[in-house]
Every structure is written in C-alpha cells, then in structure tokens.
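Enquirer: Structure below; questions to follow.
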Amino acid sequence: MKRAIKLFTIGFTHKTAEAFFSTLIRAGVKRVIDIRLNNTSQLAGFAKKDDLRYFLKALGDMDYIHRPDFAPTQEILDVYKKKKGDWAAYELEFRGLLEERKPEAHVTRELLDRGCLLCSEPTPERCHRRLVAEWLREKLGDMEICHI
C-alpha cells in the first residue's frame, strides 16, 4: 500500500531569508516547486529563481523546480491584482485553466512527496498555491497538504 503524499506550500513575502529557509529545513522539504509566473523580479529578493536554486541546495540540500504550468496566466493575474478583481472569480478562472492544462498528468507522486509549492503570497487563503495543492489532492488523492 502506498503512503499518502505529503505536500507543503509556502510564500516568501513577509519572511526573512532565515525564517524562510529554516521553515523549509525544519519541515523536511526535499524540493521546492516554484509555481510563480514571474520568478526573476528584483522584488523577489532572495527568492529570485537562480539565487533560490543556490540557497536551497547550499543550505538544505533541496532541489528546485520551476513549474509555470501551475501558475495563472498574466491576464488572470492582472484582472485580480491590478483591477482589484473578486477572489471567487479568480478561483473559478484559475481552476478552469488547470482543467484545460491538466498539469497533474505531468507530475509524479515522487516529485510531489515532501515537495513544497512556492508562491509569493504570505498566506495560502488567497493564493493559487492553495488552489494547486487542493487540485492535486482532488486528482491524485491520498495527499496531506501542509501550509508552512
């Protein structure tokens, strides 16, 4: 019998680098799965793609994977962020995008187990990382989601 996948999620904003990396290490994360659309912005600080890849390996022997297929489109993001869109509408639109893309067909249980979905939002309530985690649990079943 296969055991449940343990999937973590984390946001980097409002965290120091010390708090961010310590949290990942304490949780036992094996790989960070970056699901941001834009991961090279100067605003990302220590979480810019190339820096993050280095820090994860050097500090916690963790792997880094970028999966933009789990990110919203720029259009969906702009409607919600720039035009102050409604969260329920964003959620519906994003779930439709996941339905269209079917990204769960391109991940393995091994990749997800002890993996951590990364986005920028400080909490998961209004972040697509929660939606992706819940989507994966619906599609793959037998998954424990832990927001850290």
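None of the figures in this text is laboratory data; all of them are computed from the coordinates on show. Given the structure is predicted, the values throughout are model-derived calculations rather than measurements. Every residue, glycine among them, receives a Cβ derived from its backbone with ideal geometry; neighbour counts consider all protein chains shown.
Enquirer: Just one of the numbered conditions (1) free of Cβ contacts under 8 Å to residues at least 24 places away in the same chain; (2) within 24 Å of Phe21 (Cβ to Cβ); (3) out of contact with any Ser or Thr (no Cβ under 7 Å at 6 or more places or on another chain) is not true of Lys49; which one?
Expert: Lys49 satisfies all of (1) free of Cβ contacts under 8 Å to residues at least 24 places away in the same chain; (2) within 24 Å of Phe21 (Cβ to Cβ); (3) out of contact with any Ser or Thr (no Cβ under 7 Å at 6 or more places or on another chain) except (3).
Enquirer: When you go through Leu111, Leu77 one by one, which is the residue that is more than 29 Å from Ala4 (Cβ to Cβ), touching a residue at least 12 places away in the same chain (Cβ under 8 Å) and either in contact with a Leu (Cβ under 8 Å, 6 or more places away or on another chain) or not in a strand (DSSP E or B) (or both)?
Expert: Answer to the check: Leu77.
Enquirer: Now for a separate question. I'm trying to understand the selection: among the residues of region 75-94, which are at negative phi and loosely packed, with under 15 Cβ neighbours inside 10 Å?
Expert: Of everything in region 75-94, those that are at negative phi and loosely packed, with under 15 Cβ neighbours inside 10 Å turn out to be Glu75, Asp78, Lys81, Lys82, Lys83, Asp86, Trp87, Ala88, Ala89, Leu92.
Enquirer: Filter region 56-74 down to residues that are closer than 23 Å to Trp135 by Cβ and among the charged types (D, E, K, R) and give me whichever is surrounded by the most Cβ atoms within 10 Å (Cβ to Cβ).
Expert: Out of the qualifying residues, it is Arg67.
Enquirer: Those residues that are among the small types (Gly, Ala, Ser) and crowded, with 19+ Cβ neighbours inside 10 Å, I need them from region 98-118; list them, please. Steps first, please.
Expert: Start the filter on region 98-118 by keeping residues that are among the small types (Gly, Ala, Ser), which leaves 105, 115.
Within region 98-118, Gly115 is the sole residue that qualifies.
Enquirer: Shifting gears a bit: Go through Arg3, Arg36, Arg53 for me and flag whichever is surrounded by 20 or more Cβ atoms within 10 Å (Cβ to Cβ) and of a type outside the set (A, V, I, L, M). Working first, answer last.
Expert: Working: Arg3 fails: surrounded by 20 or more Cβ atoms within 10 Å (Cβ to Cβ); Arg53 fails: surrounded by 20 or more Cβ atoms within 10 Å (Cβ to Cβ).
Only one candidate qualifies: Arg36.
Enquirer: Could you please find all residues in region 10-30 being within 21 Å of Arg130 (Cβ to Cβ), of a type in the set (A, V, I, L, M, F, W, C) and within 16 Å of the chain's Cα centre (by Cα)?
Expert: As a first pass, look at region 10-30 and keep what is within 21 Å of Arg130 (Cβ to Cβ): 10-15, 19-20, 23-24, 26-30.
Filter again for of a type in the set (A, V, I, L, M, F, W, C), leaving 10, 12, 19-20, 24, 27, 29.
The answer is Ile10, Phe12, Phe20, Leu24, Ala27, Val29.
Enquirer: Looking only at region 119-133, filter to residues that are touching a helix residue (DSSP H, G or I) at 6+ places or on another chain (Cβ under 9 Å) and in a helix (DSSP H, G or I); which one of those is surrounded by the fewest Cβ atoms within 10 Å (Cβ to Cβ)?
Expert: Among them, the one singled out is Leu131.
Residues are listed down the side, and each one gets a yes or a no for (1) over 20 Å from His128 (Cα atoms); (2) of a type outside the set (Lys, Arg); (3) in a loop (DSSP other than H, G, I, E, B); (4) out of contact with any His (no Cβ under 6 Å at 6 or more places or on another chain):
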residue	(1), (2), (3), (4)
Phe8	no, yes, no, yes
Val32	no, yes, no, yes
Thr40	no, yes, yes, yes
Leu43	no, yes, no, yes
Phe46	yes, yes, no, yes
Lys83	no, no, yes, yes
Tyr90	no, yes, no, yes
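Enquirer: Filter region 21-46 down to the residues that are farther than 20 Å from Leu7 by Cα and without any contact (Cβ under 8 Å) to a residue 40 or more places away in the chain and list them by number.
Expert: Asn38, Asn39, Thr40, Ser41, Gln42, Leu43, Gly45, Phe46
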